[in-house]
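Laboratory data are not the source of any read-out in this text; all were calculated from the coordinates shown. Since the structure is predicted, the reported quantities are computational estimates derived from the model, not experimental observations. Here the Cβ positions follow ideal geometry from the backbone for every residue, glycine too, while neighbour counts run over all protein chains shown.
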Amino acid sequence: MRAVLVAILAAPLLLVGCDNSCQQVCDRMAKYAEECDLPVSNDDIAACKDAQAGKASRDDRATCREYNSRSVIEEEWDCNDLRAYWNEQASGTPDGEDGDGE
C-alpha cells in the first residue's frame, strides 16, 4: 500500500521536464538571450513552449533534436536574432511591426 501511495505522489514529478525537443530549444534560447543581456520572462518562455506543443511541432521535432545544442544555436543565432525572436514572442508580431502589418 505504501508503494502505491509513493507512486501516486511521485507521478506528477515525472511529468516535470517532459518538454519535447522543440520546447527544449525555447529554454536554451532563453539562456543564450540572457548572455546577450536580453532578459526573457517566464511568460515568454511559456509562450514559446506553448507554440511548440503537441501537433504544432510534431513535424519539426527531428530538426529540433538535430539543432538542440548550445553550440548550434550560437552558430545560427546572434543577439539581434534573439532580440527579434523574443520581442515577437512577447508581442505576437514580428519585431518592428505594430500588429497591423506596417
Any chance you could count how many residues in segment 17-29 are in contact (Cβ under 8 Å) with a residue 40 or more places away in the chain, buried (at least 18 other Cβ atoms within 10 Å of the Cβ) and assigned to a helix (DSSP H, G or I)? 3
Members of segment 40-54 that are part of a helix (DSSP H, G or I) and surrounded by 18 or more Cβ atoms within 10 Å (Cβ to Cβ): Asp44, Ile45, Cys48, Lys49
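Could you grab me the full set of residues in segment 34-59 that are acidic (Asp, Glu) and either closer than 11 Å to Gln23 by Cβ or in contact with a strand residue (DSSP E or B) (Cβ under 7 Å, 6 or more places away or on another chain) (or both)?
Across segment 34-59, the qualifying residue is only Asp50.
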